[in-house]
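A short worksheet on the structure shown next.
The values are calculated or read from the model by the stated rules, or taken from the named source; none is laboratory data. All figures in this text were calculated on a predicted structure; none of them were measured in a lab. Positions of Cβ are backbone-derived with ideal geometry, glycine not excepted, and every protein chain shown enters the neighbour counts. Just the protein is used for accessible areas: all its heavy atoms, side chains included, with ligands, DNA and RNA removed. Shrake-Rupley method; radii C 1.70, N 1.55, O 1.52, S 1.80 Å.
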Amino acid sequence: AIEARLRAARPRLLALVAELPADVLRGHAAWGWVHMVLHGHYLDHLAVIEPWTAELRARQTDGDPFLADPRPADHAGLREQDAAIAARFDALLRPVAAAHWLDGTPTPGWTLGDHVGHLADWLLEGERAIRTWHLDRRWLSDPDEGLDAWNERHVQRQRGASRDDVLARYDAARAAMLAAVDTLGVDDLRSADGWSWVYDCLHGHVRKHLAMLGPWLATLDWPAA
């Protein structure tokens with residue numbers, strides 16, 4: 001309801017502002033109203049809100065689901081959760097120009113292509129973990145070399161791939177992981193190990209990286225200083 005009021009009111013005000021003659025608009029009284037109700041006022045409140053949102057991003061990067069128990073009741077609930085985050089991924093990352101996938105480092109040392117390739121790596125590892133569970137009823141442990149070393153080794157192996165190749169690999173890995181999840185019973189899906197692999201390789205992992213990438217994505221279309 002609050003967002004609806006904002007979406008309705010802002011265009012009305014902009015339309016009225018557009019009718020003001022330039023000398024009136026730039027006058028002290030009118031400009032005080034226009035600037036402070038529009039962008040000046042926004043900046044005032046963003047300066048207050050941003051430290052709080054930065055804390056939320058940090059929590060999301062660390063994997064906080066903002067729920068006491070994020071596990072759904074069944075596979076349909078899982079698909080609904082995953083689809084919501086997949087839609088965010090599609091809206092935020094797929095439109096980014098190909099050059100930005102290789103140029104620039106949204107986080108220290110990693111390009112956008114590195115981030116998405118890394119998501120694909122863990123989707124494939126999750127699919128392998130489920131196959132292993134079906135074969136001998138044990139869940140895989142973390143890599144012996146350590147997570148950081150494993151991540152960096154896989155990123156280096158795929159580094160330099162084009163935007164289209166990275167996305168194609170990600171989409172194929174995601175489809176394979178979702179198909180593997182469908183082979184789990186509900187009890188296995190909701191078990192501690194099963195849910196850890198599913199959530200941390202699917203939408204839980206994507207949520208973390210969207211939080212890392214968010215500030216960089218927000219500035220891509222900013223004008224030069």
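Connecting C-alpha atoms closer than 10 Å in a GNM of the chain, tell me which of 106, 70, 95 has the biggest fluctuation.
For the chain, modelled as a Gaussian network with Cα springs under 10 Å, the answer is 95.
For the chain, what is the accessible area per residue in Å², given a 1.4 Å probe and the full set of protein chains?
Roughly 60 Å² per residue, with all protein chains present.
Note down, for region 79-171, the three equivalent ellipsoid semi-axes (square root of 5 times each alpha carbon gyration tensor eigenvalue), biggest first, whole angstrom.
Whole-Å semi-axes of the equivalent ellipsoid: 26, 18, 11.
What distance in nm separates the simple spin-label points at residue 192 and residue 97, each placed 7 Å from Cα in the Cβ direction?
Between residue 192 and residue 97, the simple spin-label model gives 5.0 nm.
Output the relative contact order of region 48-165, whole-number percent, from Cα pairs under 8 angstrom with separation of 6+ residues.
Worked out over region 48-165, it gives 24 percent.
What does the accessible area of residue 221 come to, in Å² to the nearest 10, when a probe of 1.4 Å is used?
Only protein atoms counted, so the area is about 130 Å².
At 1.567 mPa s and 4 °C, plugging the Kirkwood radius over alpha-carbon pairs of region 117-221 into Stokes-Einstein gives what diffusion coefficient in µm²/s?
88
Which residue, 56, 13, 189, tops the fluctuation ranking in a GNM of the chain built on C-alpha contacts under 10 Å?
13
Per 10 Å bin from zero, what fraction in whole % of the C-alpha pairs of the chain is there, up to the bin with the longest pair?
Final binned percentages: 7, 25, 28, 19, 12, 7, 2, 0.
Over the Cα atoms of region 101-143, how large are the radius of gyration and the largest Cα-Cα distance (Dmax), in Å?
14.5, 43
Could you please tell me the mean projected area of the C-alpha convex hull for region 1-100, averaged over all directions and given in square nanometres to one decimal?
Projected over every direction and averaged, the Cα hull of region 1-100 covers 11.1 nm².
Taking the Cα centre of region 1-125 as origin and charging only Cβ (+1 Lys, Arg; -1 Asp, Glu), how large is the dipole, in debye to the nearest 20?
Dipole of region 1-125, to the nearest 20 debye: 620 debye.
For region 105-218, what's the relative contact order in percent, using C-alpha pairs closer than 8 Å and at least 6 residues apart?
41
Would you kindly derive the ³J(HN,Hα) couplings of region 125-136 from the backbone phi angles with the Karplus curve 6.51 cos²θ - 1.76 cosθ + 1.60 (θ = phi - 60°), listing them in order in whole Hz, with x for Gly and Pro?
Using θ = phi - 60°, the values come out as 5, x, 5, 5, 5, 5, 4, 5, 4, 5, 6, 9 Hz.
What Kirkwood hydrodynamic radius do you get for region 1-54 when you take the inverse of the mean 1/r over all pairs of distinct Cα atoms, in Å?
12.6
Which whole-number percent gives the relative contact order of the chain, counting Cα pairs below 8 Å spaced six or more residues apart?
28
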